[in-house]
Amino acid sequence: MPLTFDDLLARARALPRGGRRAILGIAGSPGAGKSTLAESLVRELNGAGTPWVAHVPMDGFHLADAELDRLGRRDRKGAPDTFDAAGYAALLGRLREAAVGDGEAGGGETGGDIVYAPGFERVLEQPVAGAVPVPPSARLVVTEGNYLLVGSGAWVRVRARLDEVWFCELAQAERVRRLVARHERFGKSHDDAVAWVLGSDERNAELVAATRDRADLVVPEGAMPVNRS
């Protein structure tokens, strides 16, 4: 039987065990649908009750443009060395160690402190500190990003803190179409968007694609929620 979105929900729901918090990573190339999948999982699993699933994107660990300028890496923004991978790994470790409440049944915010993660403002293209609260009631954290399966540098520590990593797989033509549309939506001209997608984004996509075989599960397009971007 083909994998379905309901199968993904059941697998994610089963990850927290023994009263501890679990962390699910969702990897894939730029434009593959990682954020759409993560947001859909969180929304469906939380339902209308006490939130027990939190979403913590890797994008909050982008280095600020000023630091990228200092390092001479701004023209490669989005590459592995333009993120604070060590900081991301440290946050994931803190999330794993934090006390949790009673979970899906309605644990509330008892049993520990809120952990704050950085977010990313796409209009500004800058990280924003303390933008993502993770309450003690969150027994499952869903995090997503390109480089969760990279086997070098601080990214190795990232993978070690994740219970499972799923890899989103999408046809190249559709992935490129979505990326171009995204860049246009946030201010690039069509020509500039295409140049960025086929240049910097494509180099990153090739690196990410090489990590596919390290995933615990490959999510095909047919199991993904609808993305209208």
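The values are calculated or read from the model by the stated rules, or taken from the named source; none is laboratory data. All values reported here derive from a predicted model rather than from experimental measurement. Backbone-built Cβ (ideal geometry, glycine too); neighbour counts: all protein chains shown.
If you scan region 147-182, which residues turn out to be at pLDDT 95 or above and either of a type in the set (D, E) or within 23 Å of V194 (Cβ to Cβ) (or both)?
D163, E164, C168
Restricted to region 120-145, and to residues that are within 14 Å of the chain's Cα centre (by Cα) and at pLDDT 95 or above, which residue is farthest from A12 (Cα to Cα)?
This residue is V132.
What about E221, is it in contact with an Asp or Glu (Cβ under 9 Å, 6 or more places away or on another chain), at pLDDT 85 or above, more than 29 Å from L91 (Cα to Cα) and not basic (K, R)? Working first, answer last.
Numbers: in contact with an Asp or Glu (Cβ under 9 Å, 6 or more places away or on another chain): yes; at pLDDT 85 or above: yes; more than 29 Å from L91 (Cα to Cα): yes; not basic (K, R): yes.
For E221, the condition - in contact with an Asp or Glu (Cβ under 9 Å, 6 or more places away or on another chain), at pLDDT 85 or above, more than 29 Å from L91 (Cα to Cα) and not basic (K, R) - is met.
Only one of these conditions is not met by G49: (1) farther than 24 Å from V208 by Cα; (2) surrounded by 18 or more Cβ atoms within 10 Å (Cβ to Cβ); (3) in contact with a Gly (Cβ under 7 Å, 6 or more places away or on another chain). Which number is it?
Of the numbered conditions (1) farther than 24 Å from V208 by Cα; (2) surrounded by 18 or more Cβ atoms within 10 Å (Cβ to Cβ); (3) in contact with a Gly (Cβ under 7 Å, 6 or more places away or on another chain), the odd one out for G49 is (2).
State yes or no: is G93 more than 25 Å from A210 (Cβ to Cβ) and either part of a loop (DSSP other than H, G, I, E, B) or not aromatic (F, W, Y) (or both)?
In short, yes.
Filtering region 52-82 down to residues that are assigned to a helix (DSSP H, G or I), without any contact (Cβ under 8 Å) to a residue 12 or more places away in the chain and of a type outside the set (D, E), which residue is surrounded by the most Cβ atoms within 10 Å (Cβ to Cβ)?
R74
So which residues in region 2-36 are farther than 23 Å from A79 by Cβ and not in a loop (DSSP other than H, G, I, E, B)?
Answer for region 2-36, where residues must be farther than 23 Å from A79 by Cβ and not in a loop (DSSP other than H, G, I, E, B): F5, D6, D7, L8, L9, A10, R11, A12, R13, A22, I23, L24.
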